[in-house]
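Here is the structure we will look at.
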Ligand code: LRH
Ligand code: MN
Ligand code: MN
């Protein structure tokens, strides 16, 4: 067990969890955005906040950007600013959903002029990646239809494939497309990339630099997400995660808060199938907003939730599991998983942090740091991150 524990500790120290720039800003629902004191007013200030999350957790050095929410004049300067704070700029998220032109879609739109505009935005995003050193272009399309007959479902797939191919051709050798799927919303009748199968099929056609990204909030209730994860890892096509939690739909709540057992099951498949190895290149990203809770501590909590699920997954007694499975011992196999899930891994994680020279309690350390009081005093008038920005 000591060997398993030591290996788990090493893997936990090596883990990287990317935080989203939009998680630091004001956000809300379509009913109300509750502004919080001290929220960042610029992408630079979002990085300042992200650096605090990294400072207290030690495992969050990357920050995803969303374009145009994080539009700046000089992306190389933004990357340099990140570097000075011990950070790197992570995935570049495109946005082809907040423009009047996109009423009927973006890359699937029936009008070639709108498709051109959308593809040009995606190509701009690759230019930004060149400047920031980002390796992943994360694509999520709000495209779809609201009514049967509104548009030709198959023709929209053709337009999607053609648009993606143009962007893929523009990628550098070490750059990837991560194609995100979502079951519904904002389209309600037919979404153009509704599920992992559609995303996977497009990725296969595009080539090895295209992979599927699994946003944990983008499935029908009851979907077995860990099956999708195991399948995609086996095929070498799991690009990463957009982690969050949901009770009803795309709730974007703190990962691991609604269903920590599901997160454990996902991380078990990740760990078991090589997804934690650096060379497998799975990006562990958060995609969350903190509408009513304090933002930086919520991001810290989310990072810790991923760490806890990962720790439990790493403690699964794989030999015992394999033996029970081979023997067809259903109850024993299930018990192996449940034993790991029911282990309190918080002492282990406290040890890991102490060995890394960190405070074992990142939430308390942040609260004691005075950062929250400082930004509340210094930053007057926050921008709304995300929707509507
Ligand atoms: C869409 C989504 C996608 C967007 C983000 C802000 O629901 O998950 O990843 O880029 O939210
Ligand atoms: Mn997402
Ligand atoms: Mn989402």
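The values are calculated or read from the model by the stated rules, or taken from the named source; none is laboratory data. This is a predicted model, so every value here is computed, not measured. Glycine gets a Cβ as well: all are built from the backbone with ideal geometry, and neighbour counts include every protein chain shown.
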In the range 198-220, residues that are farther than 15 Å from residue 268 by Cβ and either more than 15 Å from ligand 3 (Cβ to nearest atom) or assigned to a strand (DSSP E or B) (or both) total 16
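Counting just the residues of the range 101-130 that are part of a helix (DSSP H, G or I) and in contact with a strand residue (DSSP E or B) (Cβ under 9 Å, 6 or more places away or on another chain), which one comes out farthest from ligand 2 (Cβ to nearest atom)? First the steps, then the outcome.
Within the range 101-130, the first condition is being part of a helix (DSSP H, G or I), and the residues that meet it are 101-104, 112-130.
When the remaining residues are screened for being in contact with a strand residue (DSSP E or B) (Cβ under 9 Å, 6 or more places away or on another chain), the result is 104, 122, 125-126, 128-129.
On the way: 104: 22, 122: 16, 125: 15, 126: 19, 128: 18, 129: 18 Å.
It comes out as 104.
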Residue within the range 74-89 that is more than 20 Å from residue 380 (Cβ to Cβ), touching a helix residue (DSSP H, G or I) at 6+ places or on another chain (Cβ under 9 Å) and touching a residue at least 60 places away in the same chain (Cβ under 8 Å) present: no
I'm told residue 344 meets every condition in (1) closer than 22 Å to residue 5 by Cβ; (2) out of contact with any helix residue (DSSP H, G or I) (no Cβ under 7 Å at 6 or more places or on another chain); (3) in a helix (DSSP H, G or I) except one. Can you identify the failing condition by its number? (3)
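Test residue 226 against the stated conditions and say whether it is within 14 Å of residue 139 (Cβ to Cβ) and in a helix (DSSP H, G or I). Let's see the steps before the verdict.
Working: within 14 Å of residue 139 (Cβ to Cβ): no; in a helix (DSSP H, G or I): yes.
No; evaluated as a whole, the condition is false for this residue.
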Looking only at the range 249-283, which residues are farther than 13 Å from residue 16 by Cα, within 16 Å of ligand 1 (Cβ to nearest atom) and either crowded, with 20+ Cβ neighbours inside 10 Å or within 16 Å of the chain's Cα centre (by Cα) (or both)? 250, 251, 252, 253, 254, 255
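Condition check: within 12 Å of ligand 1 (Cβ to nearest atom) and either within 16 Å of the chain's Cα centre (by Cα) or more than 20 Å from residue 11 (Cα to Cα) (or both). Does residue 184 satisfy that? Please lay out each step first, then the result.
Numbers: within 12 Å of ligand 1 (Cβ to nearest atom): yes; either within 16 Å of the chain's Cα centre (by Cα) or more than 20 Å from residue 11 (Cα to Cα) (or both): yes.
Criteria met by residue 184.
Residue 236 - would you say it is closer than 26 Å to residue 11 by Cβ, in contact with a helix residue (DSSP H, G or I) (Cβ under 9 Å, 6 or more places away or on another chain), at pLDDT 95 or above and in a loop (DSSP other than H, G, I, E, B)?
Working: closer than 26 Å to residue 11 by Cβ: yes; in contact with a helix residue (DSSP H, G or I) (Cβ under 9 Å, 6 or more places away or on another chain): yes; at pLDDT 95 or above: yes; in a loop (DSSP other than H, G, I, E, B): yes.
Criteria met by residue 236.
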Of the residues in the range 225-248 that are loosely packed, with under 14 Cβ neighbours inside 10 Å and over 30 Å from residue 174 (Cα atoms), the one that is nearest to ligand 1 (Cβ to nearest atom) is 248
Under the condition of being part of a loop (DSSP other than H, G, I, E, B) and in contact with a helix residue (DSSP H, G or I) (Cβ under 7 Å, 6 or more places away or on another chain), which residue from the range 91-100 is nearest to ligand 2 (Cβ to nearest atom)? 94
Output the number of residues of the range 165-181 satisfying the condition of being within 15 Å of ligand 2 (Cβ to nearest atom) and either more than 18 Å from the chain's Cα centre (by Cα) or within 14 Å of residue 127 (Cα to Cα) (or both). 1
For the range 229-248, what are the residues that are more than 16 Å from the chain's Cα centre (by Cα) and within 16 Å of ligand 3 (Cβ to nearest atom)? 247, 248
Read through the list (1) under 18 Å from the mean Cα position of the chain (by Cα); (2) in contact (Cβ under 8 Å) with a residue 40 or more places away in the chain; (3) surrounded by fewer than 24 Cβ atoms within 10 Å (Cβ to Cβ); (4) away from ligand 1 (no atom under 13 Å from the Cβ), then give the number of the only condition that residue 195 fails. (2)
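Considering only the range 347-356, how many residues are out of contact with any helix residue (DSSP H, G or I) (no Cβ under 8 Å at 6 or more places or on another chain) and touching a residue at least 12 places away in the same chain (Cβ under 8 Å)? Break it down stepwise before answering.
Filtering the range 347-356 down to residues out of contact with any helix residue (DSSP H, G or I) (no Cβ under 8 Å at 6 or more places or on another chain) leaves 347, 350, 354.
Those still in the list that are touching a residue at least 12 places away in the same chain (Cβ under 8 Å) too: none.
The total comes to 0.
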Going residue by residue through the range 316-324, is there one that turns out to be assigned to a loop (DSSP other than H, G, I, E, B) and more than 19 Å from residue 22 (Cα to Cα)? yes
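Specify which of the listed residues (389, 376, 335, 367) is at pLDDT below 95 and out of contact with any strand residue (DSSP E or B) (no Cβ under 6 Å at 6 or more places or on another chain).
Checking each option against the conditions leaves just 389.
To keep it simple, each residue is scored yes or no on (1) without any contact (Cβ under 8 Å) to a residue 60 or more places away in the chain; (2) over 23 Å from residue 255 (Cβ atoms); (3) exposed (fewer than 13 other Cβ atoms within 10 Å of the Cβ).
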| position | (1), (2), (3) |
| --- | --- |
| 3 | yes, yes, yes |
| 13 | no, no, no |
| 16 | no, no, no |
| 21 | no, no, no |
| 26 | no, no, no |
| 34 | no, no, yes |
| 44 | yes, yes, no |
Residue pairs meeting the criteria (Cβ under 6 Å; at least 6 apart or on separate chains; first touching a residue at least 24 places away in the same chain (Cβ under 8 Å) and farther than 16 Å from residue 191 by Cβ, in the range 211-222; second assigned to a loop (DSSP other than H, G, I, E, B) and more than 9 Å from ligand 3 (Cβ to nearest atom)): 211/237
